[in-house]
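In what follows, a single structure is set out as structure tokens and then discussed.
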Amino acid sequence: MKTALITTTINVPTVLELYRACDPDVMFFIAGDRKTDDMAVVNFLDAIPNHAYYGIDLQHKLGYKCSQLLGENTITRRNIMLLEALKWGADVIVSIDDDNIPLDEDYFADVTQYFDPESIMKRCPFYGMAASSEQGWVDVGQLLEPPASHRGFPYAIQPVLHVSHVVNAKIGVAAGICLGDPDIDATTRIVNAPVVTNVSELLRAGIVVNPQNSWTVFNTQNTAFIRELAPAMFCAPGFGRFDDIFASLITQAIMRDKGYHVHFGKPFVWQQRNPHNLVKDLRVELFGMEHIHNLRRLVANMPNPTVRGIYEHLAHTDWCPPNVPEVALAFLDDCEKVL
């Protein structure tokens, strides 16, 4: 099984030195942008084997239809690295941010155990605990210590967690947990600024959500997914700070028909968050907060949904930014060439 790590650069990604120490064979794909000091990154990465770094000009030269449409100073350049990882032949893609510090040297072993039947950890398929709720939503942030609702989780929903068991569950997405400065919305960070120092025993053991009975949200930090789901994990720049959150709903819509589950638990990382303007973060979260239920209803009501079909439907809504379907369909055309 071939595993690839994808990320973008905000600063020189020195944390990749630690990820490399966790596994010498995982291929790293790193995207720069116009603000990135390319030479500083290149000079640092000289000491990191098995990587490919792409500045903006090189990304454009790859010839992907979506490249110019994505914009240049945006974290959604990650999509280009996803395409490159698929072209390389990755079976599992691990998406991280460059401020995610792995807490265990078994980081990649913890990731791949959910997808590889030959893993020595014997976690594929998954036998263990499952989370659901009568409200039809599960917030993994309830299982952090202290609790901190996951960024993008619908603010008006307060789910009561129900825990049951599951056997022989297929994992399509493994969402690891961020400790330290967790992935929360700007409002929570402004008001409370929680520091997560522990998780519940449920997360330490691992717990799954079945998209057939409950929705959840996950991000592109410390998150792994299988090749089959890669097209659904497209992050659209027009969705602001909900780019990965909306991708998680689209991915779950595809997973429902295929019988895949979302796993929450290991691997854990410590997020030493890069500096952010929290007022700006809040401003670009408002669109997603307003429309997350619109997207959920759209994907939930589509029979036999496809990623292309979802974006074609979005093109006819009165709330989706018009550039989103255009760049998404271009990305899907690119996907067809590398899958």
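The numbers here are math on the coordinates, done by the rules we state, and not lab data. Source: prediction; values computed, not measured. Note that each Cβ is placed from the backbone with ideal geometry, even for glycine, and that neighbours are counted across all protein chains shown.
If we sort 296-308, 196-208 on the protection proxy, mean other Cβ atoms within 10 Å, highest first, what's the order? All intermediate terms of the calculation are to be shown ahead of the outcome.
Details: 296-308: 15.2, 196-208: 17.2.
Averaged packing, sorted descending, gives the order 196-208, 296-308.
As a test, work out the antiparallel percent of DSSP beta bridges whose residues both lie in region 3-338, rounded to the nearest 5. Each step should come with its number before you reach the end.
Values: 23 of 50 bridges.
In region 3-338, approximately 45 percent of DSSP beta bridges are antiparallel ones.
Please enumerate, by chain and number, the lysines with C-alpha under 20 Å from the C-alpha of Lys87, excluding those fewer than 8 residues away in the same chain.
Once the sequence-local lysines are set aside, what remains near Lys87 is Lys2, Lys61, Lys65, Lys337.
Report P(r) for the chain: all Cα-Cα distances, bin width 20 Å, range 0 to the bin holding the largest distance, values in whole percent.
It works out to 33, 63, 5, in whole percents.
Among 286-293, 186-193, how do they line up from the highest to the lowest mean number of other beta-carbon atoms within 10 Å? Mind dumping the intermediate values first?
On the way: 286-293: 16.6, 186-193: 14.2.
Packing proxy ranking, top to bottom: 286-293, 186-193.
Kindly list the residues of region 60-81 that lie in the label zone of Lys337, defined by a backbone N under 14 Å from the point 7 Å along the Cα-to-C-beta vector.
Hits in region 60-81 for Lys337 at 14 Å: 60-69, 80-81.
Can you tell me the Rg and Dmax of region 1-80, counting just the alpha carbons, in angstroms?
Taking only Cα atoms of region 1-80, I get Rg and Dmax of 12.5, 35 Å.
What order, most packed first, do the peptides 15-23, 227-235 have when packing is the mean number of other Cβ atoms within 10 Å of each residue?
Working: 15-23: 17.1, 227-235: 21.9.
Taking the mean over residues of other Cβ atoms within 10 Å, the ranking is 227-235, 15-23.
Counting pairs of Cα atoms in region 2-139, how many percent are more than 24 Å apart? All intermediate terms of the calculation are to be shown ahead of the outcome.
Working: 3563 of 9453 pairs.
So the pairs more than 24 Å apart make up 38 percent of the total in region 2-139.
Quick one: give the max-minus-min coordinate of the C-alpha atoms of region 111-222 along each principal axis, largest first, in Å.
For region 111-222, the Cα spread along each principal axis is 45, 29, 23 Å.
Report, in deg cm²/dmol and to the nearest 500, the calculated mean residue ellipticity at 222 nm for the chain, where each DSSP H run with n ≥ 4 adds -39500 (n - 2.57) and the sum is divided by the residue count.
Helix-only estimate at 222 nm: -10000 deg cm²/dmol.
Compute from the Cα atoms of region 65-157 the Rg and the Dmax, the latter being the longest Cα-Cα distance, and quote both in angstrom.
Spelled out, the Cα radius of gyration and Dmax of region 65-157 are 17.4, 44 Å.
For region 267-284 and region 13-82, what is the centre-to-centre distance using only Cα atoms, to the nearest Å?
Region 267-284 and region 13-82 have Cα centres spaced 20 Å from each other.
For region 151-194 and region 205-245, what is the centre-to-centre distance using only Cα atoms, to the nearest Å?
12 Å
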